[in-house]
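*Asks:* Pasting in a structure now, in structure tokens, and then I'll have a few things to ask.
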């Protein structure tokens, strides 16, 4: 008579597929996961505390480094909060420009997520490189806009740092033409590959009630056929002038999460085309008379949230009338989406652990801040 | 007992040039006079044997170094980049540089490790792989030994690599490595059965277990006569050498490096070497058994044709590795027991019937047999694939209907609404 006992394995913080420095204490019964205990904080840099000692413009550079895969979206969320706090009237061209930048960043972020899915499934880098190649072209566009590729700091209160150079527009057209083909390629790889579909479909199913109760947002929620998109529910910037679909999937498994991301990237391209139709010449930011370089908002607080690439990304700022925020808090979608990790993983096999984990599309820079 | 050595071209060449006068070295002019005086035949025998082993082992090592380089170049091509191109022409020496680097690294043995087993495991891993090559005919007269039980020898020797992986995993004293070892047991043992059974059809046609004999019996390559056997054997050998889509043991995205986690320096190097040598070894077996080995048009030497076929099989394996993700462990075991095992049984029955009908087939009858075997193979692969896929389709339906879940500012999840109301 032999007895078996569960084995507890420490995965991370140094591990090839934890998307950063994440640690999980996982208890296995054979290959089956029976318990997961996430341990995070290894990338904590105290961004929120650091923000209290910087001026409102300087905090912008901290937001770049939170979710370093979608800096433009972080910038946008922070700037919306600052504008709300100071009652700044943004200049239209600046808003259109930052919407274009944000949607490009969303495509780039979803490409990274999908590429790393196939990497986590065990393909040795080939599909990942195909996804990253398209992202490179988008980063080249960012380089034209603001000189930086990852840590952009492109936005300013009421608009953007500077107007796009002339060569940006033809380059943008070319990238927008290429993205749908790249997405087709990726989608064909996802839904056309027997191994990928059989490994992702029906794994880590989350019920919509559970996800709503855990306040999960973003593509993860929409993969469970919950129609919740802040761009549609609570339009910020000029999203109320734009028509776009919100792709939903009914099965709420790993496959659905990635399918929704690819469809969403397609919609982003359509949104950018609509922005290009509506954008008009003008100033890209209010004059220094309206928004001084050193902002001193009235005492008060403001919360602004956008639909980030991972979910609802919100910034809560409290001002005491000085040049630095009294308190800055980030509602980080990566961290909050992580709360259902145990529900997702328990009952699945070791092989699916990192696939399910990656399907949250979390970024440790944002989880630990 | 040592008579087989004299059939080897290289051994004969060296021995006959050294030994004084031996009855083994006779040509049409009589005895061949070698360098050594008479009475030193035993020295010539030893030296020739040593040189043969030297050439043989170093040939394998060189082939491994070249195959690592070639694989990296191919990875580069598949991934839209250049690949290694710094060291030597086309980066040819990059894996030599790697080998030197590995040798000079610090050799770490973890404190939890079982020292004896930890040190034995790499040796256990690499020896069987070298032994595979000893029975493979690489051309006319280019083999170490033509065993009359060659295929059985290969099957029994390759099963030792599973043991080595388990020992390495256990001796590391590392939980992640133990996972890798347990997976290796499950996968390697499961795939040995279809691997052995897929060769039964070949044996029925060839009537011999000797690899040289099998090559000579192939009037047309056995891949045409035994499509199912080739299909199963190819997949099973991918599993045996831990290649994608069956690389569970060394699943990089899950286990880091699996049982290799705690190995460093040359012990790691030996594992690495064994892995690549095993890839070449199984390509060589596939070439010999299914692709008619060294046979080819007479314009080029037989060794060339063997190498050409070997490289083609190697490229196919690399191609699979570059484009496919990994399977889950339950899917891998299901494929072995519910898919490949049944396919080999179908193949054995079909081949047995064919061999009973045509015991001594003419060329025309061989082609008819090939046609019938293909007619059996394609539908059975399709049917088995459909049966395997059926379970997955059921699990997809486990999700919800297409109705969007109602949310809005006023509709929260029911449980949440109740809680708010109570307060």
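The values are calculated or read from the model by the stated rules, or taken from the named source; none is laboratory data. Treat the numbers as computed from the prediction; the structure is a model and nothing was measured. Neighbour counts are summed over all protein chains in view; Cβ atoms, including those assigned to glycine, are modelled from backbone coordinates with ideal geometry.
*Asks:* Taking the range A:247-257 as the search range and keeping residues that are closer than 20 Å to residue A:231 by Cβ and away from every other protein chain (no Cβ under 11 Å), which one is surrounded by the most Cβ atoms within 10 Å (Cβ to Cβ)?
*Replies:* Top of the filtered list is A:257.
*Asks:* Consider residue A:145 carefully, then state whether it is under 20 Å from residue A:106 (Cβ atoms), crowded, with 22+ Cβ neighbours inside 10 Å and touching a helix residue (DSSP H, G or I) at 6+ places or on another chain (Cβ under 6 Å).
*Replies:* Against the criterion (under 20 Å from residue A:106 (Cβ atoms), crowded, with 22+ Cβ neighbours inside 10 Å and touching a helix residue (DSSP H, G or I) at 6+ places or on another chain (Cβ under 6 Å)), residue A:145 does not qualify.
*Asks:* Can I ask one more? Just to be sure before I move on: is residue A:294 surrounded by fewer than 23 Cβ atoms within 10 Å (Cβ to Cβ) and in contact with a strand residue (DSSP E or B) (Cβ under 8 Å, 6 or more places away or on another chain) in the structure I sent?
*Replies:* Answer is no for this residue.
*Asks:* Sticking with this structure for a sec: Go through B:377, B:352, B:316 for me and flag whichever is crowded, with 19+ Cβ neighbours inside 10 Å and modelled with pLDDT of 85 or more.
*Replies:* None of the other options fit; the residue is B:377.
*Asks:* Would you mention how many residues in the range A:88-120 are closer than 22 Å to residue A:266 by Cβ and either in contact with a strand residue (DSSP E or B) (Cβ under 6 Å, 6 or more places away or on another chain) or outside any helix (DSSP H, G or I) (or both)?
*Replies:* Going through the range A:88-120 one residue at a time, the tally reaches 2.
*Asks:* Return yes when residue A:128 is part of a loop (DSSP other than H, G, I, E, B), touching a helix residue (DSSP H, G or I) at 6+ places or on another chain (Cβ under 9 Å) and within 14 Å of chain B (Cβ to nearest Cβ) and no when it is not.
*Replies:* Criteria not met by residue A:128.
*Asks:* Oh, and also: On the basis of being under 22 Å from the mean Cα position of the chain (by Cα), modelled with pLDDT of 85 or more and not in a helix (DSSP H, G or I), does residue A:148 make the cut?
*Replies:* Considered against the rule, which asks whether it is under 22 Å from the mean Cα position of the chain (by Cα), modelled with pLDDT of 85 or more and not in a helix (DSSP H, G or I), residue A:148 comes out as yes.
*Asks:* Next up: Please pick out the residue among B:349, B:355, B:383 that is part of a helix (DSSP H, G or I), away from chain A (no Cβ under 14 Å) and under 19 Å from residue B:220 (Cα atoms).
*Replies:* The conditions single out B:355.
*Asks:* Looking at the range A:22-43, which of the residues that are out of contact with any helix residue (DSSP H, G or I) (no Cβ under 6 Å at 6 or more places or on another chain) and part of a loop (DSSP other than H, G, I, E, B) is farthest from residue A:318 (Cα to Cα)?
*Replies:* A:30
*Asks:* I would also like to ask the following. Among (1) part of a strand (DSSP E or B); (2) under 30 Å from residue B:175 (Cβ atoms), there is one condition residue A:318 misses while meeting the rest; what is its number?
*Replies:* (2)
*Asks:* Also, I was wondering about something else. Check off (1) under 20 Å from the mean Cα position of the chain (by Cα); (2) away from every other protein chain (no Cβ under 14 Å) for residue A:301 and give me the number that stays unchecked.
*Replies:* If we test residue A:301 against (1) under 20 Å from the mean Cα position of the chain (by Cα); (2) away from every other protein chain (no Cβ under 14 Å), just (1) comes out false.
*Asks:* Provide a single number: the residues in the range A:299-310 that are touching a helix residue (DSSP H, G or I) at 6+ places or on another chain (Cβ under 8 Å) and either over 30 Å from residue A:173 (Cβ atoms) or surrounded by fewer than 21 Cβ atoms within 10 Å (Cβ to Cβ) (or both).
*Replies:* Number satisfying all stated conditions: 6.
*Asks:* Oh, and also: Of all the residues that make up the range A:205-223, how many are touching a strand residue (DSSP E or B) at 6+ places or on another chain (Cβ under 7 Å) and facing chain B (nearest Cβ under 8 Å)?
*Replies:* Residues meeting the conditions: 2.
*Asks:* Something else now. Could you please find all residues in the range A:312-369 being farther than 17 Å from residue A:34 by Cα and within 14 Å of chain B (Cβ to nearest Cβ)?
*Replies:* A:312, A:358, A:359, listed by residue number.
*Asks:* While we're here: Name every residue in the range A:220-239 that is within 19 Å of residue A:76 (Cα to Cα) and in contact with a helix residue (DSSP H, G or I) (Cβ under 8 Å, 6 or more places away or on another chain), in order of residue number.
*Replies:* Within the range A:220-239, A:229, A:231, A:232, A:236, A:237, A:238, A:239 qualify.
*Asks:* Can you report the number of residues in the range B:312-339 which are part of a loop (DSSP other than H, G, I, E, B) and in contact (Cβ under 8 Å) with a residue 40 or more places away in the chain?
*Replies:* 4
*Asks:* Just to verify a result, which residue in the range B:256-266, among those that are touching a residue at least 24 places away in the same chain (Cβ under 8 Å) and surrounded by fewer than 24 Cβ atoms within 10 Å (Cβ to Cβ), is nearest to the other protein chains (Cβ to nearest Cβ)?
*Replies:* Out of the qualifying residues, it is B:256.
*Asks:* Taking residue A:282 and the conditions (1) modelled with pLDDT of 85 or more; (2) away from chain B (no Cβ under 13 Å); (3) surrounded by fewer than 22 Cβ atoms within 10 Å (Cβ to Cβ); (4) in contact with a helix residue (DSSP H, G or I) (Cβ under 6 Å, 6 or more places away or on another chain), which numbered condition does it fall short on, given that it satisfies the others?
*Replies:* (1)
*Asks:* Out of A:37, A:5, A:53, A:31, I need the residue that is within 14 Å of chain B (Cβ to nearest Cβ) and surrounded by fewer than 14 Cβ atoms within 10 Å (Cβ to Cβ). Which one?
*Replies:* From the options A:37, A:5, A:53, A:31, the qualifying one is A:5.
*Asks:* Pick from the range B:76-108 the residues that are surrounded by 11 or more Cβ atoms within 10 Å (Cβ to Cβ), in a loop (DSSP other than H, G, I, E, B) and touching a residue at least 60 places away in the same chain (Cβ under 8 Å): which of them is farthest from the other protein chains (Cβ to nearest Cβ)?
*Replies:* For the range B:76-108, the residue satisfying everything is B:107.
*Asks:* Something else now. Just to confirm my filter: which helices (runs of 4 or more DSSP H) fall fully inside the range B:148-226 and include at least 1 residues that are without any contact (Cβ under 8 Å) to a residue 40 or more places away in the chain and at negative phi?
*Replies:* B:150-158, B:160-172, B:175-198, B:200-206, B:211-217
*Asks:* Is it the case that residue A:46 is more than 11 Å from chain B (Cβ to nearest Cβ), touching a helix residue (DSSP H, G or I) at 6+ places or on another chain (Cβ under 7 Å) and surrounded by fewer than 18 Cβ atoms within 10 Å (Cβ to Cβ)?
*Replies:* No.
*Asks:* Same structure again: How many residues does the range A:319-328 hold that are under 26 Å from residue A:218 (Cβ atoms) and crowded, with 17+ Cβ neighbours inside 10 Å?
*Replies:* 2
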